[in-house]
Amino acid sequence: MELYKYTHQKLGEEIEAISGHYSLEKEEQFTYKGRQVCYCTGYSVVDTSCCGPGGCGFAFVAGYIVNWKNNRDSNGADTSDIEPIISSEEKQELKALLTKSAHVLQVNFWTPQTARVKP
């Protein structure tokens, strides 16, 4: 099991992108196979694209919670120790659950690049 520091994002803040913006609206947890899963839901809007407008609701799954909001980063944002979800089977099951329960069209899973927690 590899643990990573996950930095909790500000909720309700619009983040500008090249073709529009997105915002994370809620951060929630639920139990899956006896473990707590952290995820956020939000929306994206495509409104500055040359190809026309669009958008969707999405979920962003951080992973399994090991230590919840146990530290802060240099900017004062809460961090948690998270085990990323890497199993394709679990990702498919979670995608089906979240699509139905959170009423989103897209489910993405966190793939950490840095900030591994040292044993």
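We did not get these values from a lab; they are worked out from the coordinates using the rules stated. Quick caveat: nothing in here was measured; it's all calculated off a predicted structure. Note that each Cβ is placed from the backbone with ideal geometry, even for glycine, and that neighbours are counted across all protein chains shown.
Data for the structure
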| item | result |
| --- | --- |
| Selection within the stretch 70-107 - of a type in the set (Lys, Arg) and either in contact (Cβ under 8 Å) with a residue 60 or more places away in the chain or more than 23 Å from GLY55 (Cβ to Cβ) (or both) | ARG72, LYS91 |
| Count of the stretch 31-74 residues which are more than 16 Å from ILE86 (Cβ to Cβ), out of contact with any His (no Cβ under 8 Å at 6 or more places or on another chain), among the β-branched types (Val, Ile, Thr) and part of a strand (DSSP E or B) | 3 |
| Matching option when the condition is in contact with a Cys (Cβ under 8 Å, 6 or more places away or on another chain), surrounded by 12 or more Cβ atoms within 10 Å (Cβ to Cβ), closer than 21 Å to GLN113 by Cβ and touching a residue at least 12 places away in the same chain (Cβ under 8 Å), among TYR43, TYR39, TYR6 | TYR6 |
| Residue under evaluation ASN67, criteria (1) exposed (fewer than 15 other Cβ atoms within 10 Å of the Cβ); (2) within 25 Å of GLU14 (Cα to Cα), criterion not met | (2) |
| Count of the stretch 27-53 residues which are among the charged types (D, E, K, R) and over 21 Å from ARG72 (Cβ atoms) | 3 |
| Candidates ASP73, ASP81, filtered to the one that is on the phi < 0 side of the Ramachandran plot and more than 17 Å from the chain's Cα centre (by Cα) | ASP73 |
